[in-house]
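Pasting in a structure now, in structure tokens, and then I'll have a few things to ask.
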Amino acid sequence: MQRFKNDVVIVTGGGSGIGRAAAKGFAAEGARVVVADLNGEACEDAAREILDQGGTAIPAQCDVAVDDDVVRMVEATVATFDRIDILFNNAGIAPRGTVVDTPEEVWDRVMAVDLKSIFLCSKHVVPL
């Protein structure tokens, strides 16, 4: 039984780690997967791996902290699959360092990727 047969799933941070494993897991359960990642090579590799295993996937290089990138990712998903059923907001970063030695720019990027991205992706997917 395929729990996600023909569902369209966007997995942010899908190029590596938990996101890649989730993308592969959704595909194994029958989902059509959009592998979204800032690293274009990583999302292409993950999508290719899903295709090689008989699944359906497309890569979507995307900075999920940038509204225009999220809009483009959502539009590409709908253009390819006609809908979105599941959004797996997985993208996140966790740079090493202490509060004393972490530059403000790094903190701002963490907040953008770990929090703002959930807002942006949900903002553009939920209405669909």
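The values are calculated or read from the model by the stated rules, or taken from the named source; none is laboratory data. Since the model is a prediction, treat every value here as computed from it, not as a measurement. Cβ placement follows ideal geometry from the backbone for every residue including glycine, while neighbour counts extend to all protein chains displayed. What goes into the accessible areas is simple: the full protein's heavy atoms, side chains included, and nothing from ligands, DNA or RNA. Shrake-Rupley method; radii C 1.70, N 1.55, O 1.52, S 1.80 Å.
Identify all residues within segment 74-126 that are assigned to a helix (DSSP H, G or I), open to solvent by 70 Å² or more (accessible area, probe 1.4 Å) and of a type in the set (Gly, Ala, Ser); write none if there are none.
ALA79
Separate question: What residue, of VAL125, VAL64, is in contact with a helix residue (DSSP H, G or I) (Cβ under 7 Å, 6 or more places away or on another chain) and over 21 Å from PHE4 (Cα atoms)?
Within the list VAL125, VAL64, the selection yields VAL64.
One line per residue, one yes/no per condition, for (1) under 22 Å from LEU120 (Cα atoms); (2) among the hydrophobic types (A, V, I, L, M, F, W, C); (3) in contact (Cβ under 8 Å) with a residue 12 or more places away in the chain; (4) out of contact with any strand residue (DSSP E or B) (no Cβ under 8 Å at 6 or more places or on another chain):
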position: PHE4; (1), (2), (3), (4): no, yes, yes, no
position: SER16; (1), (2), (3), (4): yes, no, yes, no
position: GLY40; (1), (2), (3), (4): yes, no, yes, no
position: ASP52; (1), (2), (3), (4): no, no, no, yes
position: ARG83; (1), (2), (3), (4): yes, no, yes, no
position: ALA91; (1), (2), (3), (4): yes, yes, yes, no
position: VAL99; (1), (2), (3), (4): no, yes, no, yes
